[in-house]
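Here's the structure we're looking at; comments come further down.
The values are calculated or read from the model by the stated rules, or taken from the named source; none is laboratory data. If you're wondering where the values come from, they're calculated on a predicted model, not measured in any experiment. Reconstructed Cβ throughout: ideal geometry from the backbone, glycine too, with neighbour counts over all protein chains shown. With ligands, DNA and RNA removed, areas are computed over all heavy atoms of the protein, side chains included. Shrake-Rupley method; radii C 1.70, N 1.55, O 1.52, S 1.80 Å.
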Amino acid sequence: MHLALGPALLAGFIAVALALCEARLFFGVDFTDEAFYVAVAYRFALGGTPYLDELSVPQTTVAVLLAPPVALYHAVVGRGGLVLFVRELHFVLALGLGSAVTLALRRPVGGASALLVAVVAVAFVPYAIPSVSYDSAGCELFTAGSLLVWWSRSEPRVRLAAGLVLGLAGFVYPPLFPAVALCCLLSLALADGRGRSLLLRAVAPALSLPLLGFGGLTARAGPGHVLADYHRAAHYYAEAGGLSKLREIETQFRHSFVWWMPLAAALLVLLCARIRRWSRLSALLVVVLPLGLLPAHPLRYTASLAFVEDAGFLALPLLVLARGRREARELMLLVWLPALAGGMLTAYASTNGGIDFGVGFFPALIVTLVLASWALEGVNVGRLAFAPALLVAAAMLVIGVIPVYRDGPLWTLGTRVASGPYAGIATSSGKAQFLIRLETDLGPVSPACRIAFFDDFPAGYLLTSARIDANEVWTTSLPRTLTGTYDTELVRYFYRHGLPNIVVVMRRIPYSLPGVWQSEGYAPDNPLLVAVRASSYRLVARRLDYRVYRRGRC
């Protein structure tokens, strides 16, 4: 029997948790990754073509889906508050995941535990970037879809929805597609003859939707361009990367599993306690084991990913304690095993390597919490079944809400941006002043003008009405072994399309802590700068942080 965590206390905790997650959207300005997520969708909203105008591939598929709401917002409101708008869309997706978790788990673990696990799902934000990206949307849809597929075994009415959600996961983050297929194949393997025919309602959209969506984009851009873009991503950004990337992932795990030495001892004690029927000691260990895997630096923006990576594996020993339940075995096959595959795939595909394992592996944390609840019932302390989810939810609110990606600590962000794409978001005074100065120097620009920023400043394209004019919105600084071909490729793009009317050369970019900057260095023979000097550009703004060049009457 499940203990009803006092309804008022439960409602209060959930209300505070959701309020914290919503309030967090109003803090922290990032000029790199988050700006890239929004700028790609913004480019498509203004008419850019995936794989032809924008060669960068990670955000492409999710940006295709994000572009329509961005276009509508831009048509009605303009650029003001655009970044915050996309953050709110992310929060809506997170609430959708929380709803799916609650619906799938309310009967197996009880309403209180289901709601608390949903809080964990809402509070988890990969890299502490609360925006709609391939990481966040892929993780949310993959987690919701796999849980719905598992739930659909007992609730056939949700099979179509499960397939659609899982299919969207495979589309917005293509490296997850094999994990989506694995979930589908395992669900079919577990079903009987009649069940298989019914499950096809989920499997068909889960497998066909990504293929149809990606096929449509490929048909529009041409297979050659798509293949070239993915090859380019692997060459320049180490997205995928063969054995070298596998070694990076192995190194990440080796460092992570230092935590498993004391954990192994705790699991041994738990086994002994279970054998000797020491129910209170068993219950205590089940409750606190996940907290023993909290990262040593909980306020880093990778802390939640590191926690997921470790705590997700707790499902393996907890399965031993809950092995008598058929739902536990099915949960491991339909959710945990695809999550393991998803974690390996997202880590392999990402430039960040091993730490990205937590993106695809997040469903495994949900499995851990469910098995912990069932394990407590197995030692006759079912009244505490909600305790692991409650403690992990509280911990996730710390490691998922407080860290800020590439801005100062949360408590130092006291200047709220008043206008422009970052309107409504609080940041450091230095970043706010930087935004005002740059927008002023760019001045009112006609949408007919074309602009290019280099390097490492995708945020620039959100600060002006000028048309994006580069082969990708995030031109970046690369090792010298790659810089020559990378910059030459961009110069060729300019000469094919015509040089942009405005070029902004970044010298240093406000980064994380107040006063910390990312410096941009350029060799004297840099092809980009050579092209600017050789053309009829005039210097119109010379700042310590950047130079603005214009040509013609734009």
- Could you pull out the residue among ALA35, ALA114, ALA104 that is crowded, with 16+ Cβ neighbours inside 10 Å, in contact with a Lys or Arg (Cβ under 6 Å, 6 or more places away or on another chain) and either under 21 Å from GLY424 (Cα atoms) or not aromatic (Phe, Trp, Tyr) (or both)? ALA114
- Scanning segment 390-408 residue by residue, those closer than 16 Å to LEU291 by Cα, under 22 Å from the mean Cα position of the chain (by Cα) and surrounded by 20 or more Cβ atoms within 10 Å (Cβ to Cβ) turn out to be VAL392, ALA393, ALA395, MET396, LEU397, ILE399, GLY400
- Task: State whether the residues of segment 123-130 include one that is of a type in the set (Phe, Trp, Tyr), open to solvent by 10 Å² or more (accessible area, probe 1.4 Å) and part of a helix (DSSP H, G or I).
- Result: yes
- When segment 395-433 is checked residue by residue, the ones that are in a helix (DSSP H, G or I), within 30 Å of VAL287 (Cβ to Cβ) and not aliphatic (A, V, I, L, M) are GLY400
- Cβ-Cβ under 9 Å pairs, at least 6 apart or on other chains, segment 156-182 side under 11 Å from THR61 (Cβ atoms), far side charged (D, E, K, R) and assigned to a helix (DSSP H, G or I): ALA169/GLU140; TYR173/ASP135
- Note on the structure: When segment 77-113 is checked residue by residue, the ones that are β-branched (Val, Ile, Thr) and modelled with pLDDT under 95 are VAL109
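For every residue, the table says whether it meets (1) over 18 Å from the mean Cα position of the chain (by Cα); (2) open to solvent by less than 10 Å² (accessible area, probe 1.4 Å); (3) modelled with pLDDT under 95.
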position: LEU299; (1), (2), (3): no, no, yes
position: GLY312; (1), (2), (3): no, yes, yes
position: ARG323; (1), (2), (3): yes, no, yes
position: LEU334; (1), (2), (3): yes, yes, no
- Note on the structure: Among (1) touching a residue at least 40 places away in the same chain (Cβ under 8 Å); (2) part of a helix (DSSP H, G or I); (3) buried (at least 19 other Cβ atoms within 10 Å of the Cβ), VAL29 falls short only on (2)
- Out of (1) touching a Gly at 6+ places or on another chain (Cβ under 6 Å); (2) open to solvent by 20 Å² or more (accessible area, probe 1.4 Å), what's the single condition that is false for GLU54? (2)
